[in-house]
Amino acid sequence: WALCSPLLSLSQGVRTVTLTLGFAPEQFDDRAIASVLALDPFEVQLSTEKGWVAPDMVTLKSGLYAALSSVTDSPTASLKALQFEMTLNEQVDPIAPLPVDASAIPVSWPVLRLFLRQIRQPAGVAADEGQYRTHYQPFKNLVLVRTQMKVKVTGLTELQIENDETVLNPARPFEPFGTAPSVGSRFLIGHAELVAKKLDSLTFHLEWMGAPEKLGEHYRNYGAENVKDNTSFTVSVNLVDKRLAVPLTSQARLFPEANVSAPHAITLANVPGAVQTGRRGYVYEREPNLVLGENLRTWGRYLQWELNAPDFQHTTYSAVVTKKSIDLAAAIAARQPEVKAADYQVNPPYTPKIKSLSVDYTSSTEVVLATYQTGAEIDQLFHIQPFGYAELQPEPQTSQYYFLPQYDNEGELYIGFRDVSPPQNLAVLLQMAEGSADPDLEPVPVQWSYLSNNRWVSLENGNILLDTSRGLINTGIIEFSLPLAQANTLPSSELYWLRAAIAHHSNSVCDAVSIHTQAVSAIFVDQNNAPDHLSRSLPAETITQLLEPLPEINGIQQPYTSYGGKIAEQDSHLYTRVSERLRHKPRALSVWDYEHLILQQFPQI
C-alpha cells in the first residue's frame, strides 16, 4: 500500500509522520490483528532522491479512528484504525520524489509505502516453524474508509528571508526589520514546505543578539509611555496569499518577558482558524504549482512579520538626546539639587538582530474514500503488486476500497503478448508436461481473463473460441477472441496481458513446458503412404514450409513431435481385438476387462 502526497515533502529537521488508517468495523478482527501487530508485521519506507529509506523508529498501534486521529465527526465514530507513527532524525536525507528512472510510480510528490514483512516462525509454535510467513490474511478483507496523515517538523532552518531593504542570509546574524526599524517595517519568511501545505500550527524559534536584558530600563528616558518592558514590542504575523495579507495573529511578542537574550518562541497554535477568521471563505489549499523565485515578493504565498507600535525609537533618538541635553543644562544652570546623570542619559536605540531562527510546524491531510476520485486527487493511494502498481479503485459490486491488493486465487499465470491489435483472434499452444498433475485432486476449472484499466475482465463469456487442452490437463491449443483493452500499470501497457487463474488445488493441472502463439493443428492426410508411416511420430522441426506459400505467413515452425496417429490394424491385432470383444462385449466386469479395454484405446501404456 502506498500514499503519495505533497505533505511528505520533508527536507530537514526532526520529522515525525503519523499515518492513521480507518477501516469499516465489520471486517476488523481485533483479536487476530492485535496478535499480529505484536510481531511488527509491516515495513515502512519513504522515498528520497537517492532511493528508499526506513524511519529511525516506527510505532504501530490499533484503536478507534476518532481517538487516534482526533477527527470526531459522526461518520468516524465506529471506525477501527491502525496508526503508524514514524520518526526521522536530522541526518536522514530529504524526503522527496524518487528519480523518474528509479520510481515505479511516476508521481510529482514523495511516496510512503507499506510492505508486509516476511517473519520467521519461532520454534515450537506452529507446524511451519522455521519457515517465513507474511501475515496477509488478517488484513486482506479490511475495507479502507478514511486515511489521515499528520507531519510534524522541528528545526526547519533553510529559510528564504528578506526585509524591506535587502535579501538576508539566515546562516548569519541578521536584522529582520532593517537598520532603522519603524512601525510597519516588514520581515518576510518563505520555505517551500511552509507555503505549499495546509498548516495546523506554526512556531518560530529565535534568539536575539546584542540586546539589553531589560528593554523597559533601556528606553526609560525616551519618554515613550508605551515602552514599559520586554513585552511592549510586538509584530503582526500575516500569511500573504497572492498579495493579500491574511492575519494569523495581530500581537505576537518579539522578546521573552524576563531576559531578551534568552531563547524565545512565537507560537501560532490554530493556523486554520486564524486563516478562516482573517479571510472569509478562504481555504488554505496545497498548490503544486506555486512559483518560488529568488525574491520572496514574487512568490504566490509567504509569511510576513510587520512591526507594531511602539517601534525601537530610531526616528526619535536625536530629538530625545537634544531635549535631554537641554534639560540637563537647565537643571545645572538652575543649580537643582541632586542632579543625576542617569536621569538624562539616553541609550542608543536597540536595532533588533536575530542570531538564529528556526521554524517548527505541523500539517495534516485526510482522504475520505467515499469521495475519492482516481487520478484527480493531490493525495493519491496505490496498491503495489509484484509486477506493477495501480491506484486504488472501488470494487465494482460494492464500491468499497480494500486496504491491500486482493489475491483470491491460489495460483495465477500472467502471459504478455507483443504486437497485438485487438479486437482480433489469437491461438496459443500450451505444451504441457502431461501426467504431472496430482491424480488425487479433482481438476479445478481454469478461469481466463484479460487486463484492462488495471482490472482483470473475464473471457468466459464467449471469448474462448477453442480449448483442446481440456483446462490445462494436456497439451492443446486455446483460441481467444481478444477484446480492446485500456492502458495499464499492473503490469505495464507495453504488452497485452492474459491471466489464467485457478482458485484452489493448483496441482490439479499439469505443469507447462512452453507457450507459443499463432498455433494451428496440422492433420496428416494419407496420400498412398507406406502402411507403416504412422508407426512412429513425426520428429520435431520436420515441417518447415507450406505446400502452397502464403504471403501473410513468414515462416513455419514445428517445435514438437506429432501425436495421435497409429497405423492400420494388423491381422494379428484384429484377431486379438475380436476375441477380447467377444469376451467383454465391451462391458468391464473384472480387472482383466478394465486392463484390456484401456490398452485397446491407449496402447502406449
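The values are calculated or read from the model by the stated rules, or taken from the named source; none is laboratory data. For clarity, every value in this text was computed on a predicted model and none was experimentally measured. Virtual Cβ from ideal backbone geometry, glycine too; neighbours counted across all protein chains shown. Just the protein is used for accessible areas: all its heavy atoms, side chains included, with ligands, DNA and RNA removed. Shrake-Rupley method; radii C 1.70, N 1.55, O 1.52, S 1.80 Å.
Some notes on this structure:
- In plain terms, the chain from residue 366 to residue 137 could stretch by 79.8 nm, reckoned as 0.36 nm per residue minus the Cα-Cα distance.
- Shown here for the range 128-208: GluC sites (Glu not before Pro) in loop regions (DSSP other than H, G, I, E, B) with at most 11 other Cβ atoms within 10 Å, namely 129.
- Rounded to the nearest 20 debye, dipole of the chain from Cβ charges on Lys, Arg, Asp, Glu: 1920
- Spin-label model distance (nm) - residue 39 vs residue 158, 7 Å beyond Cα toward Cβ: 4.0
- Here each label is just a point 7 Å from Cα along the line to Cβ, and for residue 457 and residue 30 those points are 4.4 nm apart.
- Each Lys and Arg contributes +1 and each Asp and Glu -1, all at the Cβ; summed about the Cα centre of the range 1-125, the dipole is approximately 200 debye.
- For the pair the range 14-87 and the range 209-247, the centres of their Cα atoms are 44 angstrom apart.
- Per residue accessible area in Å² of the range 1-77, where ligands, DNA and RNA are left out and the probe is 1.4 Å: 42
- Among 333, 313, 605 the positive-end extreme of the charge dipole of the chain (Cβ point charges): 333
- Taking chymotrypsin sites (Phe, Trp or Tyr not before Pro) across the range 110-184, the ones in a DSSP loop with at most 13 further Cβ atoms lying within 10 angstrom of their Cβ are 136.
- Counting protein heavy atoms only, the chain has 51 percent of its accessible area on carbon and sulfur, 1.4 angstrom probe.
- About its Cα centre, the range 468-588 has a charge dipole of approximately 780 debye under the convention of +1 per Lys or Arg Cβ and -1 per Asp or Glu Cβ, with nothing else charged.
- Out-of-range pairs (alpha-carbon distance over 24 Å; input 214/353; 50/80; 214/324; 80/197; 80/140; 228/353): 50/80; 80/197
- Mean residue ellipticity at 222 nm, helices only, the chain: -3500 deg cm²/dmol; runs of at least 4 DSSP H residues each add -39,500 (n - 2.57), and the sum is divided by the number of residues.
- The residues of the range 173-229 have, on average, 39 Å² of accessible surface per residue, using a 1.4 Å probe with all protein chains present.
- For trypsin sites (Lys or Arg not before Pro), the sites in the range 292-387 that DSSP calls loop and that have at most 15 other Cβ atoms within 10 Å are 335, 340, 353.
- Ordering 594, 568, 512 by Cα displacement along the dipole of the range 447-605 toward the positive end leaves 594 in first place; charges were set at the Cβ atoms of Lys, Arg (+1) and Asp, Glu (-1).
- Among beta bridges identified by DSSP and lying wholly in the range 182-264, the antiparallel ones come to about 100 percent.
- Chain lengthening between residue 54 and residue 121 when straightened (0.36 nm per residue, less Cα-Cα): 21.8 nm
- Inter-site label distance for residue 203 and residue 182 at 7 Å from Cα along Cβ, in nm: 3.7
- Near-label residues of the range 161-180 by backbone N, under 18 Å of a point 7 Å along Cα→Cβ of residue 261: 173-174
- Look at the dipole of the chain built from charges on Cβ: of 432, 546, 42, the Cα furthest out on the positive end belongs to 42.
- A straight chain from residue 345 to residue 424 at 0.36 nm per residue would run longer than the Cα-Cα distance by 18.6 nm.
- Calculated FRET value between residue 321 and residue 242, using beta carbons and R₀ = 60 Å, to 0.05: 0.85
- Degrees separating the helix 571-584 axis from the principal Cα axis of the chain, which is the longest one: 80
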